[in-house]
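Engineer: This is the structure I have questions about; it appears just below.
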Amino acid sequence: MTLHDDVYLELSSVATVRLVASLRDSRLNFGSPDDVRIFLPDMHIVSNRTRAKYSYGTNDMDLLADVLVRLAGLKARSQGRTVGIFQVGDFLDLWREEPVASARVDAASRIVMDHPRLMNAIFSPTLKARFLLGNHDIDLAWWPNFAAWERRYYLPPRGSSQASGVVVHGDMFDWVELTPDPINQFFVYFFSPLFGAADHDLNDVKTVVNRQNSAASFTNQIGGTAQLGDVFGSPGVPDRHNLGTHSFLNKARDTARAANRAYQLNLRFMVIGHTHHARIALHDGGGDDFFALIDCGGWLEDATDANGVHYKNQTLAVLSENDVRIYLLSH
Amino acid sequence: MSKEVAAVGMCLALASLACTHEPPATHPKVDFVAVAPADFRSPCSGDVLPTRESACPPLPAPTCSASSPVPPPPPGRPAAHGYSLPLGADARATLLLFLGAGGRNSNLEEGLGAQIPDAEKRFGPLLSEIAKPQQFRPMFEQGRYRAWFPDPPLHNVIDAREEQTPLNGCLPYAFRASGFEWIFKCDAKGELGELIVQKDWNAVREGMKP
């Protein structure tokens, strides 16, 4: 049994599991059979009171809690192996929850109190989930309880100190309209391995996020319907399935190259959320000219497959043994 | 203006100055380093820290150096761990792993790997320097460590593991640099004989000030 098998079994014990996309390639450089990373994308959880104001919201929170409980169980049984759980940002939607910026941190408590089962599952010390700050919950950085939340996590293969992947929320690639080039401006903030002067950019990042959010309307949707392509439910996983395009691919690849040069990394893939549209996009020029962008989707709004069948948008990504898969979960 | 009025005016002005809540511009900033009891656990307290050879738990906890005069914290009580100075080879290796993991033991315990990929390059020379037998206090006073610790030291160290601050006349030295706090504490002989390194959460918070 591989760790992929273990994860699939756990997921399928509480959900119908469909494969959205997959990529198996040794150039991912994440080949250990004893190491699996699971990426849970945007959930945008709000309080019950706020949820009633919107036509859309976090999908099946009971299913999500079930999934988290199963993953915690897997982790507890996986002594000597690595089972890393990452929430990729926008766990809470403080932007929609509280229009007054100074009150957003307090609003987080309101949201947490409304969903005790899910919160217990995701904050479980057994699960030990890692959290990233997203553009809808960046205000949490100002609260000591959430000070440990990160802007990115490096993903070195087991036994190596040199990361071959990185997970970020991904909103920085959405800042294209803004000048000066915000990715360059905040490059150190996002990718420098050390805290230091870069931390002082957090206020500026928040300013950019606020400006970007203010320009968007979240009244009826955030990401809209996710087009998932051909999904299927059998456990057989092809080496390459449903590889698509992504408007962030080139920007992510360029950024990863710059990070490799600046910080002696070896990034070959990047995991993001933010768009809510699960997909894997690949740049493959042969040999080392390889970069994969793994967008693990989201847990709100809906999704449709190549045949026009609608699903609740509920996806996650699993990486182990140079094999990354995105699953769609349904009850 | 009569002398009486001038005197009253002067008194009011002085009283106003005395009552102001704002310290004068030259008032030194009161700062301190708190030894956090969480997220930095002793390899001697039963928690598992991997060895240099493998970052994969579970592994037996490294053996505490026999020469260590610093007693391990009570079992089951999370505490920062002090390393005897000068650093031994085991302590250097463990510290390097901890630094490479971004200052989080949990990253090590779960085998999530390095967050600072070039920790050896960044911190190795400093750790090697600390591994040399020396009197640290005069070294700090002579500025020998200024290349690594450019900011002035702090002496106000609040260690959550202690019942009270030891009143033995020995000032600890704490430095904030590269996202970590380096705390040189006094041993029983009144020398800077113990080193604690922990993530500098203050650096994170500093970055959030409006």
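Engineer: Specify which of the listed residues (A:ILE122, A:ILE111) is of a type outside the set (Lys, Arg), crowded, with 21+ Cβ neighbours inside 10 Å, in contact (Cβ under 8 Å) with a residue 24 or more places away in the chain and within 17 Å of A:ILE38 (Cα to Cα). First the steps, then the outcome.
Structural biologist: Numbers: A:ILE111 fails: within 17 Å of A:ILE38 (Cα to Cα).
None of the other options fit; the residue is A:ILE122.
Engineer: Among the residues of the stretch B:138-164, write down those that are out of contact with any Phe, Trp or Tyr (no Cβ under 8 Å at 6 or more places or on another chain) and open to solvent by 80 Å² or more (accessible area, probe 1.4 Å).
Structural biologist: Of everything in the stretch B:138-164, those that are out of contact with any Phe, Trp or Tyr (no Cβ under 8 Å at 6 or more places or on another chain) and open to solvent by 80 Å² or more (accessible area, probe 1.4 Å) turn out to be B:GLU141, B:GLN142, B:ARG144, B:ARG146, B:ALA147, B:PRO150, B:PRO152, B:GLU163, B:GLN164.
Engineer: I would also like to ask the following. Here's a check for you: in the stretch A:180-200, which residue that is open to solvent by less than 40 Å² (accessible area, probe 1.4 Å) and modelled with pLDDT under 75 is nearest to A:ASP254 (Cα to Cα)?
Structural biologist: Only one residue tops the list, namely A:ILE183.
Listed here are the residues, each with its yes/no results for (1) touching a strand residue (DSSP E or B) at 6+ places or on another chain (Cβ under 9 Å); (2) among the basic types (Lys, Arg); (3) within 8 Å of chain A (Cβ to nearest Cβ); (4) touching a residue at least 24 places away in the same chain (Cβ under 8 Å).
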position: B:GLY102; (1), (2), (3), (4): yes, no, yes, yes
position: B:PHE123; (1), (2), (3), (4): yes, no, no, yes
position: B:PRO133; (1), (2), (3), (4): no, no, no, yes
position: B:PRO166; (1), (2), (3), (4): yes, no, no, no
position: B:GLY193; (1), (2), (3), (4): yes, no, no, yes
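Engineer: Quick one: is A:HIS283 away from chain B (no Cβ under 14 Å), over 17 Å from the mean Cα position of the chain (by Cα) and at pLDDT below 95? Even if it seems obvious, please write down each step before you answer.
Structural biologist: Numbers: away from chain B (no Cβ under 14 Å): yes; over 17 Å from the mean Cα position of the chain (by Cα): yes; at pLDDT below 95: no.
Spelling it out, it is not the case that A:HIS283 is away from chain B (no Cβ under 14 Å), over 17 Å from the mean Cα position of the chain (by Cα) and at pLDDT below 95.
Engineer: Among the listed residues B:ASP151, B:ASP159, B:ASP118, B:ASP187, identify the single one that is in contact (Cβ under 8 Å) with a residue 24 or more places away in the chain and within 14 Å of chain A (Cβ to nearest Cβ).
Structural biologist: Answer to the selection: B:ASP151.
Engineer: Still on this structure: Could you please let me know if A:ASN145 is farther than 24 Å from A:VAL7 by Cβ and away from chain B (no Cβ under 11 Å)?
Structural biologist: Answer is yes for this residue.
Engineer: Can you list the helices (runs of 4 or more DSSP H) found entirely within the stretch A:36-97 that contain at least 3 residues being within 26 Å of A:ASP323 (Cβ to Cβ)? Talk me through it step by step, then tell me what you get.
Structural biologist: Values: elements: A:48-51, A:61-77, A:94-97.
Counting at least 3 such residues, we get A:61-77.
Engineer: Inspect all residues belonging to the stretch B:170-177 and state whether any of them is more than 14 Å from chain A (Cβ to nearest Cβ), exposed (fewer than 15 other Cβ atoms within 10 Å of the Cβ) and not in a loop (DSSP other than H, G, I, E, B).
Structural biologist: No.
Engineer: Restricting to the stretch A:9-28, name every residue that is in a strand (DSSP E or B), farther than 15 Å from A:LEU329 by Cβ and open to solvent by 10 Å² or more (accessible area, probe 1.4 Å).
Structural biologist: Correct list: A:ARG24 only.
Engineer: Here is a further query. Of the conditions (1) out of contact with any helix residue (DSSP H, G or I) (no Cβ under 8 Å at 6 or more places or on another chain); (2) under 20 Å from B:ASP200 (Cα atoms), B:GLY179 satisfies every one except a single condition; which number is it?
Structural biologist: (1)
Engineer: Here's a follow-up. Which of the residues spanning the stretch B:104-113 are within 10 Å of chain A (Cβ to nearest Cβ) and in contact (Cβ under 8 Å) with a residue 24 or more places away in the chain?
Structural biologist: Matches in the stretch B:104-113: B:ARG104, B:SER106, B:GLU109, B:GLU110, B:GLY111, B:GLY113.
Engineer: Could you pull out the residue among A:ALA72, A:ALA76, A:ALA52 that is open to solvent by 40 Å² or more (accessible area, probe 1.4 Å), within 14 Å of chain B (Cβ to nearest Cβ), over 25 Å from A:SER160 (Cβ atoms) and aliphatic (A, V, I, L, M)?
Structural biologist: Sole residue among the options that is open to solvent by 40 Å² or more (accessible area, probe 1.4 Å), within 14 Å of chain B (Cβ to nearest Cβ), over 25 Å from A:SER160 (Cβ atoms) and aliphatic (A, V, I, L, M): A:ALA76.
Quick grid of which residues meet (1) within 14 Å of chain B (Cβ to nearest Cβ); (2) of a type in the set (A, V, I, L, M):
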residue	(1), (2)
A:ARG81	yes, no
A:THR126	yes, no
A:PHE131	yes, no
A:HIS136	no, no
A:LEU155	yes, yes
A:ALA163	yes, yes
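Engineer: Related question: So which of B:PRO166, B:PRO152 ends up being out of contact with any Pro (no Cβ under 8 Å at 6 or more places or on another chain) and farther than 19 Å from B:HIS81 by Cα?
Structural biologist: Only one candidate passes the filter, namely B:PRO152.
Engineer: Just to be sure I understand, how many residues within the stretch A:88-124 are at pLDDT 95 or above and within 14 Å of chain B (Cβ to nearest Cβ)?
Structural biologist: 0
Residue-by-condition table, conditions (1) under 20 Å from A:HIS169 (Cβ atoms); (2) touching a residue at least 12 places away in the same chain (Cβ under 8 Å):
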position	(1), (2)
A:ALA72	no, yes
A:ILE85	yes, yes
A:SER102	no, no
A:ARG117	no, yes
A:THR126	no, yes
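Engineer: Could you say which residue among A:LEU133, A:LEU140 is surrounded by fewer than 21 Cβ atoms within 10 Å (Cβ to Cβ) and under 15 Å from A:TRP95 (Cα atoms)? Break it down stepwise before answering.
Structural biologist: Working: A:LEU133 fails: surrounded by fewer than 21 Cβ atoms within 10 Å (Cβ to Cβ).
Checking each option against the conditions leaves just A:LEU140.
Engineer: Which of the residues that make up the stretch B:86-99 are out of contact with any Phe, Trp or Tyr (no Cβ under 8 Å at 6 or more places or on another chain) and within 12 Å of another protein chain (Cβ to nearest Cβ)?
Structural biologist: Across the stretch B:86-99, the qualifying residue is only B:LEU97.
Engineer: Okay, next question. Is there any pair linking a residue in the stretch A:179-203 that is facing chain B (nearest Cβ under 8 Å) to one that is part of a helix (DSSP H, G or I) and at pLDDT 70 or above, with Cβ under 6 Å and at least six apart or on different chains, and which?
Structural biologist: Correct list of pairs: A:PRO193/A:TYR263; A:ALA198/A:VAL188; A:ALA198/A:TYR189; A:ASP201/A:TYR189.
The values are calculated or read from the model by the stated rules, or taken from the named source; none is laboratory data. Keep in mind that what you see is a predicted model, and the values were worked out from it rather than measured. When we count neighbours, we look across all protein chains shown, and the Cβ atoms used for this are built from the backbone with ideal geometry, even at glycine. Surface areas here come from the heavy atoms of the whole protein model, side chains and all, with no ligands, DNA or RNA. Shrake-Rupley method; radii C 1.70, N 1.55, O 1.52, S 1.80 Å.
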